[in-house]
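Notes follow once the structure below has been shown.
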Amino acid sequence: MNLGILVWSYLKAKPLNTALNSLLLALGISVIVVLILFSRQVEEKIQSNAKGIDLVVGAKGSPLQLILCTIFHIDFPTGNINLAEAEKIARHRLVKKAIPMALGDSYQAYRIIGTNRDYPALYNAELNEGKWFEKELDVTLGAQVAALTGFSVGDTFASAHGLSAGGHEHEEHDFVVVGIMKPTGSVLDNLILTSVESVWKVHDLAIDYISVGDTTQKASTLVPTVAAGDSTIELTSLLLQYRSPMGAIQLPRYVNQQSSLQAASPAFETARLFTILGVGVDALMVLAYVLIFISAISIFIALYNSLKERRFDLAIMRTMGATRLKLVFTILAEGISLTLVGTVAGIFLGHAVVWSMGLLIEEIHKTGITSFVLYQEEWIILAGSLLLGVLCACIPAWQVYRTDISKVLAGN
Amino acid sequence: MVAVKNLSFSYPHAKPILFPDFELGNGEHVLLLGDSGSGKTTLLHILGGLLRGYTGSVMIDGTELSGRSEQELDHLRGQKIGFVFQRNHLISSLTVKQNLQLAPYLAGVSAGPDRIDEVLAHLSLTNQQNRSVLEISQGQAQRVAIARAVLNRPSVILADEPTSALDDKNCERVINLLLQAASETKTALVVATHDQRLKSIIPKHIFLNSTT
């Protein structure tokens, strides 16, 4: 016999009460855990994905949309920008690096990004096998894309028009897989990288541009195979790195003055996104705390009631030599066990929810949000639940402490 | 083992109850008789250290109880005193055996490895040991209570109407087991009752006079 067996026997004697109380608490805790898992990981992902990108230039429209589309690859492009205009920006003296980006096609909802080698270099991507895209229609796959499509080097596929699954297929031009990247933990894992020219080619824009052959024409800084100043062809956006902090002051204004262009700062837009999401997160947090508060009351009432029924039991225990402190300790242990069971179940449930959402919702799976991490906050929740147990058991324990055993025994 | 001298106790707003002096030796048994309200339960509670605030002297196994703190009395109770009540005094969420295991745990003593099995066998409860106490009969429950009371080898067992809820057959069996268990550990026995059936079995009687 020990404290554990005694407390467990009491909890077991009222299985429905115990289950209800644990469940209530578990629900509240799981909402908090899900929110923590999501918001922390989304924040981490956003920061790591936006790392090294100071400014995004694209067609006029919603700046947030531009950021979501070109950095996180979840929204649709705001439109196209003229290559000649993009070049003008790229040549600005405050621009250290400009990475072109051409979107338009996808394969099974994985986006095909026309860009250059600077783009994977942003995320320090390395090759797992094969080589980087070079020729037209060469593609290098993100690790996740390769894993889920089962493609290996040498395979070919036809892209679909549009950025979501089910678009019209460009059957006449097959892409060739020439390489597969190692996992980076970034958005790159879900992308199919190719050259800008490849994207133009599948859209039959190839015939329009003036290619740089042995002519005397200067090559474009963004797409070297194309003559500089070609105004007939378009990109989706441009990712910029500043040469100096001055860029942050001058470049956005400079870009926005161009009639058809806009500049969006990833740092600013993601902060704005957090503010918008934050309202929802806060609302859910309030709901979670209400649930926890109700479960605390429920646990308190359960302990209080069961104590009334057990007054005689407790008096008997005193006749067997139990000190008041021992009984107080038993009641506290009962409260703590209840909250502990609920909390552990809640943390488990929260992780299970995130895990199953990852399985069911493709977008979540793609973001790489995992349920297999424990954040420090979860330990704080666990410690808090112990405190909650003590709080709920406080009044009942105090009553046990001052019970007059002789009166209880004589009264029965 | 038990010595009571000049003992009186008064409940608030009531006349004080005066108790007769008496002494009990090792393994001696006594029947505490009197009408309801004469103070039988009160005396048992005082002897067991459950009630304080009396005047006079109460000695249990050489220890004076009056003036002791609640915690000291708890320890004394666990080590030297066993209680048997009329009914409902087993912990219902536990099994028969767990109820016995509770006694040394709560008293903070060690029962010894075979003591519980020995007591169970002695009171013919071995077959019932894993049953819930809610499933056993009143007679069996009373035997479990006796087993629990003698488990820690107390100096005194205080029994409050231990047989009043039982039929004749069970009454005889239970009281005999109680006497037998008590004599084995040389335990003094104080039985408070108005059960006439016990008068012939325990010859030494103490009468409490009603105060009204």
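Quick look at the values:
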read-out	value
Chymotrypsin sites (Phe, Trp or Tyr not before Pro) lying in DSSP loop within the range B:17-92, provided at most 11 other Cβ fall within 10 Å	none
Chain B: relative contact order in percent, alpha carbon pairs under 8 Å with at least 6 residues between	32 percent
Accessible surface of the protein assembly as shown [probe 1.4 Å, protein heavy atoms]: carbon and sulfur percent	57 percent
Accessible area (Å², 1.4 Å probe, nearest 10) - A:Met1	50 Å²
Range in chain A, longest, excluding exposed GluC sites (Glu not before Pro) [loop by DSSP; at most 16 other beta-carbon atoms within 10 Å]	A:135-412
Chain B: antiparallel DSSP beta bridges as a percent of all, rounded to 5	45 percent
If the convex hull is drawn through the Cα atoms of chain B, its volume per residue in Å³	119 Å³
The range A:218-271: trypsin sites (Lys or Arg not before Pro) falling in loop per DSSP and having at most 14 other Cβ within 10 Å	A:Lys218
Cut-off under 5 Å, modelled amide H: who pairs with A:Leu137 long-range	A:Ser195, A:Ser198
Solvent exposure of the protein assembly as shown as accessible area per residue, Å², 1.4 Å probe	45 Å²
DSSP-loop trypsin sites (Lys or Arg not before Pro) across the range A:1-78, with at most 15 other Cβ within 10 angstrom	A:Lys51, A:Lys60
In the B-A interface, the accessible area buried, summed over both sides, Å² (probe 1.4 Å)	2400 Å²
Antiparallel content of DSSP bridges confined to the protein assembly as shown, in %, to 5	65 percent
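The values are calculated or read from the model by the stated rules, or taken from the named source; none is laboratory data. Owing to the predicted nature of the structure, the values given are computational and were not obtained by experimental measurement. Don't worry about glycine lacking a Cβ; one is built from the backbone with ideal geometry, like all the others, and counts go over all protein chains shown. All accessible areas refer to the heavy atoms of the entire protein, side chains included, with ligands and DNA or RNA removed. Shrake-Rupley method; radii C 1.70, N 1.55, O 1.52, S 1.80 Å.
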